[in-house]
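Chemist: My questions will all concern the structure given below.
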Amino acid sequence: MPPLADTHVHLLAGLDDGPPDREVALAMCRMLTAEGAGHAAAVAHQNADYPDNTADRLRAAAADLAADLAADGVPLAVYPTGEVMLSPTTLDDWRAGRLLTVGDRGRWLLVEMPHGEFVDVRPFADALRPSGVGLVVAHAERYPDLLYNPGLAADWVAAGCLIQVTARALADPPNPLAEQALRGWARGGFVHLLGSDGHGIDRRRPRLADGYRRLAEWAGRAAADRVGAEWGAAVLQGLPVAVPPPAPPPRSWFRRLFGG
């Protein structure tokens, strides 16, 4: 297994609902290295619930974490990242420089849906494209309107979005319907990035390896390596990622039920 890249893990102590202090953040990083990770997005929320999470604050917290990891000899590269909740002000916030891109590289922006809502990201993706910025859709498996609509997911990919899936959802899907949909995503090339969405050591632990293994089972080892390692590391380093167009799932009772 190559060094994995966790593109979504809350590691910045005291900034959101992730680790409350330095010790828990370091423990999470050790868990990640035990999972086989070599790279991790050090994420904190950027939304109205956390108004103090400016881009500069996230940068400083990630720099402190990197220094602690070096001092403790933990071989994990961390990349400051904001998890941006879409809102009517997101584009204005972006233009004002208030949002932190993945790894602070100015190439990818990690976005999530507003609480209890689902919105089409394509207008925002279109607005960012002239700046050379693409969207990473965080924990995309949470959104039934996307998970059960392969046509819409393909349109988002065509618009330059990357689809991130939580490793835990792959390893232990919440129900048979979600499992079938996620298997279809994996085999059809809809999954581009793997994230643990880890928040702590007692709950929502940063687990990656089981999700990587499930990807390998469903889509093959080469696909799991691309998603779990190669593309993730590239995104964290601000590099372009050219993903192939996804293939529609084969016609089945699932597609007859949900359309497409």
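Chemist: Where the second residue is assigned to a loop (DSSP other than H, G, I, E, B) and among the acidic types (Asp, Glu) and the first is farther than 13 Å from Glu35 by Cβ and lies in segment 188-206, which pairs have Cβ atoms under 9 Å and are six or more apart or on separate chains?
Modeler: His199/Asp16; His199/Asp17; Gly200/Asp17; Arg204/Asp197
Chemist: Something else now. When the residues of segment 67-84 are narrowed to those that are touching a residue at least 12 places away in the same chain (Cβ under 8 Å) and assigned to a helix (DSSP H, G or I), which ends up farthest from Leu15 (Cα to Cα)?
Modeler: Asp72
Chemist: Follow-up question, since we're still on this one. Check Glu35, Glu141, Glu112, Glu117 and return the single one that is among the acidic types (Asp, Glu), more than 19 Å from Ala233 (Cβ to Cβ) and touching a helix residue (DSSP H, G or I) at 6+ places or on another chain (Cβ under 8 Å).
Modeler: None of the other options fit; the residue is Glu141.
Chemist: Just name the residue that is surrounded by the most Cβ atoms within 10 Å (Cβ to Cβ) out of those in segment 13-28 that are touching a helix residue (DSSP H, G or I) at 6+ places or on another chain (Cβ under 9 Å) and without any contact (Cβ under 8 Å) to a residue 60 or more places away in the chain.
Modeler: Ala25
Chemist: Given the structure, is Gly260 modelled with pLDDT of 95 or more and either at positive phi or in a helix (DSSP H, G or I) (or both)?
Modeler: no
Chemist: Also, I was wondering about something else. Given the options Pro206, Pro249, name the one that is at pLDDT below 95 and either at negative phi or surrounded by fewer than 17 Cβ atoms within 10 Å (Cβ to Cβ) (or both).
Modeler: Step by step, each of Pro206, Pro249 is checked, and only Pro249 is at pLDDT below 95 and either at negative phi or surrounded by fewer than 17 Cβ atoms within 10 Å (Cβ to Cβ) (or both).
Chemist: Out of segment 102-127, which residues are surrounded by 14 or more Cβ atoms within 10 Å (Cβ to Cβ), in contact (Cβ under 8 Å) with a residue 40 or more places away in the chain, farther than 13 Å from Leu91 by Cβ and not basic (Lys, Arg)?
Modeler: Those that are surrounded by 14 or more Cβ atoms within 10 Å (Cβ to Cβ), in contact (Cβ under 8 Å) with a residue 40 or more places away in the chain, farther than 13 Å from Leu91 by Cβ and not basic (Lys, Arg): Val102, Gly103, Asp104, Trp108, Leu110.
Chemist: For segment 1-37, how many residues are closer than 17 Å to Ala67 by Cβ, part of a loop (DSSP other than H, G, I, E, B) and over 17 Å from the mean Cα position of the chain (by Cα)?
Modeler: So the count comes out to 5.
Chemist: Continuing with this model, one more query. Based on what the data block shows, is Ala125 over 24 Å from Ala44 (Cβ atoms) and either polar (S, T, N, Q) or not in a strand (DSSP E or B) (or both)?
Modeler: In short, no.
Chemist: Across segment 152-199, what is the number of residues that are out of contact with any strand residue (DSSP E or B) (no Cβ under 8 Å at 6 or more places or on another chain) and at positive phi?
Modeler: So the count comes out to 1.
Chemist: Among all residue pairs at least 6 apart or on different chains, which show Cβ distances below 6 Å where the first residue, located in segment 46-66, is over 17 Å from Leu110 (Cβ atoms) and modelled with pLDDT of 95 or more and the second is exposed (fewer than 15 other Cβ atoms within 10 Å of the Cβ) and of a type in the set (S, T, N, Q)?
Modeler: none
The values are calculated or read from the model by the stated rules, or taken from the named source; none is laboratory data. Please read all numbers here as calculations on a predicted model, not as lab measurements. Cβ: placed from backbone, ideal geometry, glycine included. Neighbour counts: every protein chain shown.
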